[in-house]
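A.B. asks: I have a structure here, written as structure tokens, and I will follow up with some questions on it.
Just so it is clear, none of the values below were taken in a lab; they were calculated from the coordinates. Because the structure is a prediction, the values reported are computed rather than measured. Using ideal geometry, Cβ is built from the backbone for each residue, glycine included, and neighbour counts are taken over all protein chains shown.
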């Protein structure tokens, strides 16, 4: 038998043990390859939405590669630890450490080669499916499957280098152990669970501080706390698993009336040892799970913003013509022609807006007459208003301003035209999107509007008056590319920061909505795939740790059977040992994520009035269900391994 044949047979004999490692590797390769297929797709342009997808997936590939390197190194080290007795026998028979390292190198490369080939094969097989999803998200006419050597070369090169690095690094711990240590196995002695009372208390205190700060985050402190809370929570989490939890177990063990009870004694004693040994692994699983929760939860909250977008942007198109705009009629006719060309139903309401100065605040105020305002309100399906002479009604520009203006009552005078107004009411709907009207805008009676015959101070006749063309379009999401030329002119002015020659303003909320919705959907798609790798790895960490001590658990299981333990009692012991390992780090991660979402809600409140409670519950519930299913799967495999003794 050659050396390579020995390595192949070792991998083949341990195929069940390597199953989780292999599947996680294949899934990582598959996701990496699918992202590569998107990145190198010939239809993706150098700018726009497609470029956002390419950049997002490139960043995801970098994150995925780094995390996969760490994950595979950890898992491979766990398997090598579990096989320490096998290595001890080989070295006792005369194998040198150099030869042992060579054997491990060959085994790792065999696994890496098979994982890479299988992952690429699955990735290419499912590429069409992912392209269909990407086409719908980015609203492309077509995103066909293609064949290119670039995605294959990138994936093979990335994971070949990854497995080579792991092959050299993962065997480092073997060089530090003697033959006797290897023969005794990984669990050569019973660990004593000791912990520091001070560090235990510090772990609880740090977590309490982190949670309290997250719960008290405000608009003014949210960005500062984003740098303060994570380090405190991370250190508190580490101390919790390495010290705090063991102090709690010691307190529990002192209650002999509860602790010394049938199978509870065996289960808690074993769990105490394993919790101590797995403290660092629990810390890693908690942090990885928290990152996965927050990634998906944050991106899902972006989707909530797209749902709130329509409420804040009820108009389909907006064209504002300022004084001296000789192309006004041409622009409006072109927009109408493009809408009719797309066979889109629409209503256009022009509003003549006058601008005056309020003596109360000294700020400019946009004035709309009641007849124009009511025509637009009825078109949108809202109720009309009927202010009396000398009365005004606030026009809100956002949901937040609607609440603020509802509590305001003012007496003011329009300085240029010397008209007194009393304003103590706000219109209950947002009709004009933010940035299209002045923050100070009011509806006045037609007679008061006609009496405004003076321009804004510093302007000539007609210079402070503009025409606001409001288009109500029921199928507003279909307005993509309508007014594309005007949008290009607006974007050029923004880039050059030169608005001197721009005597109009144009915005297409349907186009903006498509960009927001598609961008967030792409990011969510990318985040879910990466989070799936993270969560699969987090569950695999626990599985690998269980497998590391499997030989010792088999001997203990066999001893308990000989002592007369029933299957039901053994099932209780297994549950009490496994549940803390699966759900303790998971529960801490859920708690971390909950308080993080509380802080995230503050951020959203600053930009848009929406609640992410639904997204938070959905994401955390979905991950919890997945973890429960994974627990029962691993429990079944673990019990099967124990019974195989």
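A.B. asks: According to the square roots a ≥ b ≥ c of the eigenvalues of the Cα gyration tensor, what is the shape class of region 434-501, taking rounded for a/c under 1.5, prolate for a/b larger than b/c otherwise, and oblate for the remainder? Please list the in-between numbers first.
C.D. replies: On the way: a/c = 2.84, a/b = 1.43, b/c = 1.99.
In terms of gyration-tensor shape, oblate.
A.B. asks: Starting from the Cα gyration tensor of region 397-477, take the square roots of the eigenvalues, sort them a ≥ b ≥ c, and report rounded, prolate or oblate (rounded when a/c is under 1.5, otherwise prolate if a/b is larger than b/c, else oblate). Write out the running numbers ahead of the final one.
C.D. replies: On the way: a/c = 2.16, a/b = 1.26, b/c = 1.71.
Oblate shape, in that a/c is at least 1.5 and b/c is the bigger or equal ratio.
A.B. asks: For the peptides 470-479, 4-13, what is the packing order when you average, over each peptide's residues, the other Cβ atoms within 10 Å and list the highest mean first?
C.D. replies: 470-479, 4-13
A.B. asks: Moving on to the next point. Please report the relative contact order for region 314-510, taking Cα pairs under 8 Å with a sequence separation of at least 6, and give it as a percent rounded to a whole number.
C.D. replies: Relative contact order of region 314-510: 37 percent.
A.B. asks: By count of other Cβ within 10 Å, fewest leading, how are 219, 277 ordered?
C.D. replies: In order of increasing Cβ crowding within 10 Å: 219, 277.
A.B. asks: If you don't mind, there's one more thing I want to ask. Checking a compactness column here: for region 422-541, what do you get for Rg(Cα) / (2.2 N^0.38 Å), N being the number of residues?
C.D. replies: Computed over Cα atoms of region 422-541, the ratio equals 1.65.
A.B. asks: Using 0.36 nm times the number of residues separating residue 337 and residue 280, minus their current alpha carbon distance, what extension gain do you get? Can you show the working numbers first?
C.D. replies: On the way: separation 57, 0.36 × 57 = 20.52 nm, distance 6.61 nm.
Taking 0.36 nm per residue and subtracting the Cα distance, the gain is 13.9 nm.
A.B. asks: Sticking with this structure for a sec: Return 85, 128 ranked ascending by Cβ neighbour count within 10 Å, so the fewest neighbours appear first.
C.D. replies: The fewest-first ordering by Cβ neighbours comes to 128, 85.
A.B. asks: Can you order the peptides 492-502, 324-334, 25-35 by their average number of other Cβ atoms within 10 Å per residue, highest first?
C.D. replies: The peptides rank, most packed first, as 25-35, 324-334, 492-502.
A.B. asks: Another question, then. Report the full-extension gain for the segment residue 219 to residue 413: residue separation times 0.36 nm, less the Cα-Cα distance, to one decimal in nm.
C.D. replies: Separation in residues times 0.36 nm, less the Cα-Cα distance, equals 66.4 nm.
A.B. asks: What's the FRET efficiency of residue 500 with residue 228 using the Cβ-Cβ distance as r and R₀ = 45 Å, to the nearest 0.05?
C.D. replies: Working from the Cβ atoms, E equals 0.50.
A.B. asks: In nm, what is the difference between 0.36 nm times the number of residues separating residue 478 and residue 65 and their Cα-Cα distance?
C.D. replies: On the way: separation 413, 0.36 × 413 = 148.68 nm, distance 3.91 nm.
Extending this stretch completely gives an extra 144.8 nm.
A.B. asks: Answer rounded, prolate or oblate for region 363-504, using the Cα gyration tensor with square roots of eigenvalues a ≥ b ≥ c: rounded when a/c is under 1.5, else prolate when a/b is larger than b/c, else oblate. Kindly include the intermediate steps, with their values, before the conclusion.
C.D. replies: Values: a/c = 1.91, a/b = 1.31, b/c = 1.46.
It comes out oblate by the Cα gyration axes.
A.B. asks: Starting from the 7 Å offset along Cα-to-Cβ, what nm value, one decimal, do you get for the label separation of residue 95 and residue 129?
C.D. replies: Calculated label separation equals 3.9 nm.
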